[in-house]
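The values are calculated or read from the model by the stated rules, or taken from the named source; none is laboratory data. A quick note: this is a predicted structure, and the numbers were derived from the prediction, not measured. Note that each Cβ is placed from the backbone with ideal geometry, even for glycine, and that neighbours are counted across all protein chains shown.
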């Protein structure tokens, strides 16, 4: 073969390879750089994340005398009227084992915390001779002084500013010695209690808050049942009140807690809103094909099953508004993440 012919052959082969790469290789390489996710079955709770303030019918009791405490009833026990809560034996307070400044500081800190509780309680704290329970209720050795301030009777007029100013956690009251007038226990009517919280009016979804409807409330990974009692506009916020008769063991320790109010829980194929592109009024996603390219596929949201920017969608096929059967996504389809940012429209 002549040298010139060999050169032409090499040039032809190189050109063919270059053309193949331009047509098939470059787009494939481009798609390799695009982020994707796989559509899978999952759980989608419809919920609001809020901070609830717990309102109970409760009374704080203070020591009628100074002395050493002997407890008769455990935390969280339901007691009957006439039962003895604890005994107090008169005498001087125990002397600290060490006179170091750290020990003195701890005593001062405890007294300051007790004074804050008493200041909040004001004249509402009661002293009962012999510490005999006057009612049937649940005993607790935690208090914050707002037992009467944050009562069911105050629910109607309570404001967000008032609740924001209140500490979230209660003070432990158990100790070996008490001064006269110090808080020593509280009694709570646990038959019915309330949770109140505020949401911005711009993000509040009134369709979720039908009065009398049941919801679940997740508190520290514990789910309790509750009922929507009311919601009312209050300035730029909406105040929501839930009620519950379900016992929650950690309730006496806290006045405010982060919570999830769960209205419904759906299961199915989940699509993230950021991965959706709408065409002619219909939402859809870009599904990766076998050759590495992406093809737009329409999707249909399951009515009501949307929360936090995620949606449960139909699988396989769905019927559109015209009654036509439409092919859609399936489990384990690989779709493009945030296609709008990649220039897809």
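Per this entry, residue 331 is counted among residues that are touching a residue at least 24 places away in the same chain (Cβ under 8 Å), exposed (fewer than 15 other Cβ atoms within 10 Å of the Cβ) and more than 30 Å from residue 164 (Cβ to Cβ). The residue list 194, 185, 248 contains one member that is surrounded by 13 or more Cβ atoms within 10 Å (Cβ to Cβ), assigned by TED's automatic domain parsing to the domain that holds residue 159 and farther than 30 Å from residue 130 by Cα, which is 194. Any chance region 157-180 includes a residue that's surrounded by fewer than 16 Cβ atoms within 10 Å (Cβ to Cβ) and closer than 13 Å to residue 124 by Cα? No: region 157-180 contains no residue that is surrounded by fewer than 16 Cβ atoms within 10 Å (Cβ to Cβ) and closer than 13 Å to residue 124 by Cα.
Restricting attention to region 278-296 and to residues that are modelled with pLDDT of 95 or more and in contact with a helix residue (DSSP H, G or I) (Cβ under 6 Å, 6 or more places away or on another chain), the residue that is surrounded by the fewest Cβ atoms within 10 Å (Cβ to Cβ) turns out to be 286. Of all residues in region 216-238, those satisfying the criterion of being surrounded by 15 or more Cβ atoms within 10 Å (Cβ to Cβ) and closer than 16 Å to residue 258 by Cα are 216, 217, 218, 219, 224, 226. Looking only at residues of region 54-70 that are surrounded by fewer than 17 Cβ atoms within 10 Å (Cβ to Cβ) and assigned to a strand (DSSP E or B), we find that the one that is nearest to the chain's Cα centre (by Cα) is 70. Might you let me know whether region 150-166 holds any residue that is without any contact (Cβ under 8 Å) to a residue 12 or more places away in the chain, more than 21 Å from the chain's Cα centre (by Cα), assigned by TED's automatic domain parsing to the domain that holds residue 257 and under 28 Å from residue 85 (Cα atoms)? Looking for residues that are without any contact (Cβ under 8 Å) to a residue 12 or more places away in the chain, more than 21 Å from the chain's Cα centre (by Cα), assigned by TED's automatic domain parsing to the domain that holds residue 257 and under 28 Å from residue 85 (Cα atoms), one finds at least one in region 150-166, hence yes. Remark: pairs (first residue in region 310-327, closer than 29 Å to residue 47 by Cα; second residue surrounded by fewer than 11 Cβ atoms within 10 Å (Cβ to Cβ) and at pLDDT 95 or above; Cβ separation under 7 Å; 6+ apart in sequence or on different chains) = 317/325; 317/327; 319/325.
Among the residues in region 272-284, are any in contact with a strand residue (DSSP E or B) (Cβ under 6 Å, 6 or more places away or on another chain), assigned to a loop (DSSP other than H, G, I, E, B) and free of Cβ contacts under 8 Å to residues at least 60 places away in the same chain? The answer is yes, given that some residue of region 272-284 is in contact with a strand residue (DSSP E or B) (Cβ under 6 Å, 6 or more places away or on another chain), assigned to a loop (DSSP other than H, G, I, E, B) and free of Cβ contacts under 8 Å to residues at least 60 places away in the same chain. Evaluate the following for residue 344: is it modelled with pLDDT under 95, touching a strand residue (DSSP E or B) at 6+ places or on another chain (Cβ under 7 Å) and surrounded by 13 or more Cβ atoms within 10 Å (Cβ to Cβ)? Against the criterion (modelled with pLDDT under 95, touching a strand residue (DSSP E or B) at 6+ places or on another chain (Cβ under 7 Å) and surrounded by 13 or more Cβ atoms within 10 Å (Cβ to Cβ)), residue 344 qualifies.
Among the residues of region 316-345, those that are closer than 17 Å to residue 271 by Cβ and not in a loop (DSSP other than H, G, I, E, B) comprise 317, 318, 326, 327, 334, 335, 336, 339, 340, 341, 342. Would you mind finding the one in 206, 210, 112, 125 that is more than 25 Å from the chain's Cα centre (by Cα) and loosely packed, with under 14 Cβ neighbours inside 10 Å? So the residue among 206, 210, 112, 125 that is more than 25 Å from the chain's Cα centre (by Cα) and loosely packed, with under 14 Cβ neighbours inside 10 Å is 112.
Residue 31 passes every criterion in (1) modelled with pLDDT under 90; (2) surrounded by fewer than 17 Cβ atoms within 10 Å (Cβ to Cβ) apart from (2).
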